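Enquirer: Supplied in C-alpha coordinates, the structure appears directly below.
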Amino acid sequence: MCRAWDDMMKHEMKKGVKKGVKKGERLGTLKTLYALVNDGLLKLDEAARRAGMSEEAFGRGMRKAGYRSTGKAGAL
(Lines give C-alpha, C1' and ligand atoms only; values in the text may rest on other atoms or scores of the structure.)
Protein backbone atom coordinates (compact mmCIF):
# COMPACT_ATOMS: atom_id res chain seq x y z
CA MET A 1 0.00 0.00 0.00
CA CYS A 2 2.80 2.40 0.83
CA ARG A 3 4.47 1.97 -2.57
CA ALA A 4 1.18 2.55 -4.38
CA TRP A 5 0.65 5.70 -2.32
CA ASP A 6 4.18 6.92 -3.10
CA ASP A 7 3.69 6.28 -6.82
CA MET A 8 0.38 8.14 -6.78
CA MET A 9 1.92 11.09 -4.93
CA LYS A 10 4.86 11.27 -7.39
CA HIS A 11 2.42 11.27 -10.30
CA GLU A 12 0.30 14.03 -8.73
CA MET A 13 3.41 16.11 -7.97
CA LYS A 14 4.56 15.82 -11.59
CA LYS A 15 1.11 16.94 -12.76
CA GLY A 16 1.25 19.88 -10.37
CA VAL A 17 4.70 20.94 -11.54
CA LYS A 18 3.60 20.70 -15.19
CA LYS A 19 0.52 22.81 -14.45
CA GLY A 20 2.64 25.38 -12.59
CA VAL A 21 5.14 25.66 -15.44
CA LYS A 22 2.33 26.13 -17.96
CA LYS A 23 0.74 28.84 -15.80
CA GLY A 24 4.10 30.58 -15.38
CA GLU A 25 4.70 30.56 -19.12
CA ARG A 26 1.25 32.06 -19.72
CA LEU A 27 1.85 34.80 -17.13
CA GLY A 28 5.24 35.58 -18.66
CA THR A 29 3.70 35.87 -22.12
CA LEU A 30 0.97 38.18 -20.85
CA LYS A 31 3.47 40.35 -18.96
CA THR A 32 5.55 40.71 -22.13
CA LEU A 33 2.49 41.66 -24.19
CA TYR A 34 1.38 44.15 -21.50
CA ALA A 35 4.81 45.78 -21.52
CA LEU A 36 4.87 46.02 -25.33
CA VAL A 37 1.46 47.72 -25.36
CA ASN A 38 2.45 49.94 -22.44
CA ASP A 39 5.57 51.07 -24.33
CA GLY A 40 3.57 51.75 -27.49
CA LEU A 41 5.35 49.04 -29.49
CA LEU A 42 2.26 46.88 -30.02
CA LYS A 43 -1.39 47.89 -30.39
CA LEU A 44 -3.79 46.62 -27.77
CA ASP A 45 -6.00 44.83 -30.32
CA GLU A 46 -3.03 42.88 -31.72
CA ALA A 47 -1.75 41.98 -28.26
CA ALA A 48 -5.23 40.76 -27.26
CA ARG A 49 -5.42 38.65 -30.42
CA ARG A 50 -2.00 37.11 -29.69
CA ALA A 51 -3.10 36.36 -26.13
CA GLY A 52 -6.33 34.76 -27.35
CA MET A 53 -8.39 37.26 -25.36
CA SER A 54 -10.94 39.96 -26.06
CA GLU A 55 -9.63 43.53 -26.03
CA GLU A 56 -11.72 44.22 -22.94
CA ALA A 57 -10.35 41.22 -21.03
CA PHE A 58 -6.79 42.05 -22.08
CA GLY A 59 -7.25 45.67 -20.96
CA ARG A 60 -8.62 44.54 -17.59
CA GLY A 61 -5.67 42.19 -17.13
CA MET A 62 -3.28 44.96 -18.06
CA ARG A 63 -4.77 47.36 -15.52
CA LYS A 64 -4.84 44.65 -12.86
CA ALA A 65 -1.13 44.04 -13.49
CA GLY A 66 -0.43 47.76 -13.03
CA TYR A 67 0.19 48.72 -16.66
CA ARG A 68 -1.19 51.70 -18.54
CA SER A 69 -1.49 51.83 -22.29
CA THR A 70 0.38 54.60 -24.09
CA GLY A 71 0.01 52.97 -27.50
CA LYS A 72 -3.71 53.55 -28.03
CA ALA A 73 -5.43 56.55 -26.46
CA GLY A 74 -8.54 55.68 -24.50
CA ALA A 75 -8.03 51.94 -24.90
CA LEU A 76 -7.79 51.43 -21.18
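The values are calculated or read from the model by the stated rules, or taken from the named source; none is laboratory data. Only a predicted model underlies this, so the values are computations on that prediction, with no experimental measurement involved. Note: ideal-geometry Cβ built from the backbone for every residue, glycine included; neighbour counts use all protein chains shown.
Enquirer: Can you give me the number of residues within the range 12-33 that are hydrophobic (A, V, I, L, M, F, W, C) and out of contact with any helix residue (DSSP H, G or I) (no Cβ under 8 Å at 6 or more places or on another chain)?
Expert: Total satisfying the criteria: 4.
Enquirer: Here's a check for you: in the range 54-70, which residue that is touching a helix residue (DSSP H, G or I) at 6+ places or on another chain (Cβ under 7 Å) and surrounded by fewer than 17 Cβ atoms within 10 Å (Cβ to Cβ) is modelled with the lowest pLDDT?
Expert: Top of the filtered list is Thr70.
Enquirer: If I filter the range 28-44 for residues that are loosely packed, with under 10 Cβ neighbours inside 10 Å, among the hydrophobic types (A, V, I, L, M, F, W, C) and free of Cβ contacts under 8 Å to residues at least 60 places away in the same chain, do I get at least one hit?
Expert: Checked the range 28-44: no residue is loosely packed, with under 10 Cβ neighbours inside 10 Å, among the hydrophobic types (A, V, I, L, M, F, W, C) and free of Cβ contacts under 8 Å to residues at least 60 places away in the same chain.
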